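Read the structure below first, then the notes.
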Amino acid sequence: MDHSLHPIQADPTAPPLDVPILIVGAGPTGLTIANVLARAGVAFRIIDQKTGPVVESRAVVMHARTLELLAKLGLADRAVAEGQRIGSMQLYREGNPVGEVTFFEAGQDDRTPYPFALIFEQSKTERLLLQGLEEAGGEVEWSTSLRAMQRFPDHVQAIIVRSDGKEETIEAGWVVGADGAHSPVRHALGLGFAGETYEQTLFLADVDLEWGLPDGKAQAEITRDGFLMFFPMPGERHYRLVGNLPAEMQQKDTITPAEVQQILDRQSALQPRITASRWTSVYRTHHRMAERFRIGRVFLVGDAAHVHSPAGAQGMNTGIGDAYNLGWKLALVAKSEADAALLESYEAERIPFARAILNGTDRGFHLLDTTAPLTRRLKMLAVPLAFSMVSRAPAAQRRLFWMMSQLWTSYRDSPAVAEAGPIGRLPRAGDRAPYGRFDAGNEAGTSIFDMLVGPDHHLLLFAGLRPDPAALEAAREVIALLLESRAAPIRLHVIAAENRQLQERYGADVPTVVLVRPDGQIAFRGDAADIVPLTRYLDRWFRQRPAAELVGAMLLPKFVAH
């Protein structure tokens, strides 16, 4: 891999850097950051103490928002082709069906290209991201661990132990701790990891089942002793089981397939029978979050920053979201294309998001896994009632999918987003850029997401529902020159008035500019008639191109009309 450096050091007395960015940990979060950096052309090293990607399935659910991020890396279609889609979940109470929540109906949910949850095991996720990284020219240094780390104003010094047992000292511009719940990077920073360990111990099992229920559907069973969940995996009658251990097994560190069958016989009225077992595990669930996600030039992502209960399958998805959020910002700053203050928005955006996820999963898990007599009676009444009500209300199901899939991701309070003109038009700056399709032109029938890919920003110039062709062309010419003056690549797309669905989705009653970040969130929105606020925004965050290069670029302004 090419370890050539971009000019990132402000202090000429600082030692020369070996690499701009060192990533510690090559799980889903670390591999995601590595993929983003590789596609942006930023040099890095990524190390992991393991010998390779995990072989156990571990986390199994990938949500729609995560698939949207993987699509920007060109990897989502591979995941969907290999995974198992889940569009609904059936709930049973002591063997009796309560209701079925359907996340979407074919052709009805047009909020995302991925209106489903995808069963895609962590082992497959890591292999997919590793494949993408290698295709982009990157590699992981396996069997390599972090021994020590020291922070300086202009760099971080890390001592690693390589696979041959020898120590190496690395001078890096930034370090990213993607090294899990027991993160050595977090410990080196001296950061607290507040939270608690749940009293109840859970079991996981990847098994083949025989029972009277249809194959390929997610099932959940709520019992007086806890809960059982059955997620269909690729392959006939192949399921991931999740449940709580009975009281007499709470101290077990391992569990056998025979013991899992004993739990099923005792707790489940669905009469599932295990015919083959691939993997079983016992784990104690935590909910914890670091007090900071950044100290100086060191960042925490994924489980190093926050760990969750399994409720809602949010953990791995939140970690990948952390990684993409930080990755594009590090890339721009490392290449001297954006102001270093942009990195401050990582904590400002991801700490509130992680806290909201953590609180939500904590409440859900406490209710499902409760052993307190009063709360248990409430669970047996309230959970089935709520589930039944949602199963009969399509609007509630859409709302549930919106929340579970993380499509609600928004950073309206971020210091790195801004808007001008009439406030309150949706979507707001900080929101996820809406999904939608072109109605007219060469792109008719295709998605706007098809253009919002790669490591660059995209400036969408909407003609509006009341277009003024002359004013639009004037705005386009000025904006094209403005964008060419920036060191960071920003692609300009003109969305013609005939594409009414997109004008409506983006609230473009009048000609409107919407700047979409590499992670698909809206960085800026404003009226196209007043270019001053956009100019101020770009001046605040993006550096100017060198004068000689700028002159040539201005002679050839680039834009794409749609």
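Shape index of segment 165-306: Rg/Rh, with Rg the Cα radius of gyration and Rh the Kirkwood radius from the inverse mean 1/r over Cα pairs, equals 1.12. Excluding ligands, DNA and RNA, the accessible surface per residue across segment 238-332 is 34 Å² with a 1.4 Å probe.
Would you list T256, T280 from the most to the least accessible area, probe 1.4 Å? Can you show the working numbers first?
Numbers: T256 65, T280 35 Å².
Final ranking, largest accessible area leading: T256, T280.
Taking 0.36 nm per residue of sequence separation and subtracting the Cα-Cα distance, how much length would be gained by fully extending the chain between L385 and D154, in nm to one decimal? Kindly include the intermediate steps, with their values, before the conclusion.
Working: separation 231, 0.36 × 231 = 83.16 nm, distance 5.72 nm.
Stretched fully, the L385-D154 segment lengthens by 77.4 nm.
Once the Cα-Cα distance is subtracted from the 0.36 nm per residue extended length, the Q262 to L213 segment shows a gain of 15.7 nm. Roughly how many percent of the accessible protein surface of segment 133-285 is carbon and sulfur, given a 1.4 Å probe and a whole-percent answer? That share works out to 45 percent. Full extension from Y283 to L378: what is 0.36 nm times the residue separation minus their Cα-Cα distance, to one decimal in nm? Net length gain for the segment: 31.6 nm.
Taking a 1.4 Å probe, which of M149, M233, M389 shows the most accessible area, and what order do the others take after it? The partial results should precede the final answer.
Values: M149 35, M233 0, M389 110 Å².
Output order, biggest surface exposure first: M389, M149, M233.
Can you give me the % of accessible surface on segment 423-485 that is carbon or sulfur? Probe 1.4 Å, all protein chains present, nothing else counted. All intermediate terms of the calculation are to be shown ahead of the outcome.
Working: 1450 of 2520 Å².
Taking all protein chains in place, segment 423-485 shows 58 percent carbon and sulfur surface.
Here the Karplus relation 6.51 cos²θ - 1.76 cosθ + 1.60, evaluated at θ = phi - 60°, turns the backbone of segment 292-308 into coupling constants of 9, 9, 8, 10, x, 9, 10, 10, 10, 9, x, 4, 5, 9, 6, 10, 10 Hz, with x for every Gly and Pro.
In the P(r) worked out for segment 41-182, what percent of Cα pairs fall beyond 26 Å? Don't skip to the end; give the middle numbers.
Details: 4449 of 10011 pairs.
Value for segment 41-182 (Cα pairs over 26 Å): 44 percent.
Are there trypsin sites (Lys or Arg not before Pro) in segment 157-205 that DSSP marks as loop and that have at most 14 other Cβ atoms within 10 Å, and which are they?
Working: sites: R162, K166, R186; in loops: R162, K166.
The qualifying sites are R162, K166.
For the chain, DSSP calls about 75 percent of its internal beta bridges antiparallel. Counting only aspartates and glutamates at least 8 places from K217 when in the same chain, those with an alpha carbon closer than 16 Å to its own are E100, E105, D206, D208, E236.
To the nearest 500 deg cm²/dmol, what mean residue ellipticity at 222 nm is calculated for the chain from DSSP H runs of n ≥ 4 alone, each contributing -39,500 (n - 2.57), summed and divided by the residues?
-10000 deg cm²/dmol
For a distance above 16 Å, tell me the whole-number percent of Cα pairs in segment 114-184 that qualify.
Working: 1638 of 2485 pairs.
That fraction is 66 percent.
Using a cut-off of 25 Å between Cα atoms, the listed pairs K50/K124; K72/K124; K124/K166; K50/K329 include K124/K166; K50/K329 as exceeding that distance.
Compute the accessible area per residue over segment 119-199, keeping the other protein chains in place, probe 1.4 Å, unit Å². The partial results should precede the final answer.
Working: 3580 Å² over 81 residues.
Accessible surface, normalised per residue, equals 44 Å².
What residues have an amide H closer than 5 Å to that of I46, excluding those fewer than 5 places away on the same chain, when H is modeled at 1.01 Å from N in the peptide plane? Result for I46 returns I23, E141.
Report, to the nearest whole %, how much of the accessible area of segment 24-91 belongs to carbon and sulfur atoms, 1.4 Å probe, protein only. Before the final figure, lay out each step's value.
Working: 920 of 1950 Å².
With neighbouring chains kept in place, the figure for segment 24-91 is 47 percent.
The values are calculated or read from the model by the stated rules, or taken from the named source; none is laboratory data. What you see is a predicted model; the values in this text were computed from it and never measured. Glycine gets a Cβ as well: all are built from the backbone with ideal geometry, and neighbour counts include every protein chain shown. The accessibility values were calculated without ligands, DNA or RNA, using every heavy atom of the protein model including side chains. Shrake-Rupley method; radii C 1.70, N 1.55, O 1.52, S 1.80 Å.
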